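Following: one structure in structure tokens, then a few remarks.
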Amino acid sequence: MMKTLKPTTPGQRQRVITDYSVLTKKEPEKALTFGRKRRMGRSKKGRITTRHKGGGSKRLYREIDFMQNKIDIPAKILSLEYDPNRSAFIALALYRDGERRYVLASKNIKTGDTIVTSESAPLTEGNRTSLVRVPLGFFVHNVELEPGKGGQIARSAGSAAKIMAHEGAYTQLLMPSSESRKVLSRCLATIGELSNAEHNLVSLGKAGASRWRGIRPTVRGSAMNPVDHPHGGGEGRQSIGLPYPKTKWGKHALGKKTRRRKKLSSRLIMSRRNKK
């Protein structure tokens with residue numbers, strides 16, 4: 001659900017935010033949170049390696065259980081919570097043995113629901129099981145790339161991978177990026193889509209809202225001088241005047257493949273993602 005604010009100020013007039021009324025009103029679980037030093041786009045040497053990062057509100061890091069490796073131990077969902085470090089909501093799960101862990105919240109999960117990780121788990125939303133047990137056409141998230149390594153695929157708001165086929169020891173997945181690839185059928189995945197699917201509809205409304213999130217201003221290359229950027233220079237508003245867009249350092253800015261050509265897992269990719 002999205003929430004449009006009353007136009008009491010110029011910034012509020014354009015602002016559309018997520019409706020957080022569906023979440024549980026409670027403080028984060030203290031034992032599962034800790035402070036984290038922010039590097040603000042800098043390397044260990046203090047040099048800027050990613051531009052346009054810095055400032056922003058302080059955040060407590062929530063320790064998320066991407067593995068969910070407590071096999072055959074049911075867990076009850078105690079609360080649905082906001083996590084400033086990711087776009088999807090998170091859920092606090094209380095396992096039958098008394099341990100509490102944060103897990104990614106699926107789309108329709110509610111407080112009081114029970115989830116379980118098992119080879120015989122019911123194929124209902126929030127449960128976690130091997131890919132080989134999931135029927136064709138089902139959506140899954142937090143999918144492992146290697147057995148026992150923990151979920152790495154489909155972890156952002158509203159995302160999910162679709163089960164397309166089971167072939168021998170592999171399961172074919174249609175990724176959120178439209179890429180089609182094979183994953184070992186022994187890998188674990190959680191049934192259903194992730195929560196906060198309308199996250200892409202958020203409109204910040206003002207520059208300050210980006211600054212709260214640690215995003216600093218970006219200057220267009222075409223607005224610079226030739227000495228500062230390959231796109232710079234010219235009288236008035238000029239096109240870039242180059243065969244392709246470049247970065248400040250003359251590298252390809254769009255469409256350049258950065259994946260290693262001889263990466264071992266490339267053999268598992270059936271078809272590349274569609275270019276937009």
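Taken together, the values in this text are just the output of simple stated rules run on the coordinates, not laboratory data. Keep in mind the model is a prediction, meaning the values are calculated, not measured. When we count neighbours, we look across all protein chains shown, and the Cβ atoms used for this are built from the backbone with ideal geometry, even at glycine.
For this structure, a couple of remarks:
- Computed over region 201-259: relative contact order in percent, which uses C-alpha pairs under 8 Å that are six or more apart: 19 percent
- Unsatisfied cross-links (Cα-Cα over 26 Å) in the set Lys110/Lys275; Lys3/Lys149; Lys70/Lys110; Lys37/Lys110; Lys26/Lys76: Lys110/Lys275; Lys3/Lys149; Lys37/Lys110
- Measuring spread by the Cα atoms of region 1-117 yields a radius of gyration and Dmax of 17.9, 53 Å.
- When the helices of the chain are scored as -39500 (n - 2.57) per DSSP H run of n ≥ 4 and the total is divided over every residue, the value at 222 nm lands at -500 deg cm²/dmol.
- Evaluated with a Cβ-only charge set (Lys, Arg +1; Asp, Glu -1), region 221-276 carries a dipole of roughly 900 debye about its Cα centre, given to the nearest 20.
- Distance (nanometres) between label positions extended 7 Å along Cα→Cβ at Tyr61 and Arg96: 3.3 nm
- Amide hydrogen proximity for His166: with H placed 1.01 Å from N in the peptide plane, the residues at 5 or more positions away or on another chain lying under 5 Å are Gln172.
- For the chain, relative contact order (Cα pairs under 8 Å, six or more residues apart, normalised by length) works out to 17 percent.
- The largest-to-smallest principal axis extents of the Cα set in region 221-276 are 50, 21, 15 Å.
- Derived value for region 2-200: Kirkwood hydrodynamic radius 18.4 Å. Basis is the mean of 1/r over every pair of different alpha-carbon atoms.
- Dividing the mean sequence gap of close Cα pairs (under 8 Å, 6+ apart) by how many residues region 1-158 holds gives a relative contact order of 17 percent.
- Neighbourhood charge, 11 Å Cβ-Cβ cut-off, centred on Leu78 and excluding it, Lys, Arg +1 and Asp, Glu -1: +1
- Cleavage-rule hits (GluC sites (Glu not before Pro)) in region 177-246: DSSP loop, at most 14 neighbouring Cβ within 10 angstrom: Glu235
- For region 165-170, 3J(HN,Hα) computed residue by residue from phi via the Karplus equation (6.51, -1.76, 1.60; θ = phi - 60°) reads 6, 10, 10, x, 8, 10 Hz, glycine and proline entered as x.
- A simple count of charges around Ala223, restricted to other residues whose Cβ falls under 13 Å of its Cβ and scoring Lys, Arg +1 and Asp, Glu -1, yields +2.
- In order through region 253-264: 3J(HN,Hα) via Karplus (6.51 cos²θ - 1.76 cosθ + 1.60), integer Hz, x for Gly, Pro: 9, 9, x, 6, 6, 10, 5, 4, 5, 9, 5, 4
- Within the shell defined by Cβ-Cβ distances under 12 Å, the residues around Thr190 carry a net charge of -1, with Lys and Arg each +1 and Asp and Glu each -1.
- Estimated inter-spin distance, Asp228 and Thr50, nm [label 7 Å along Cα→Cβ]: 2.4 nm
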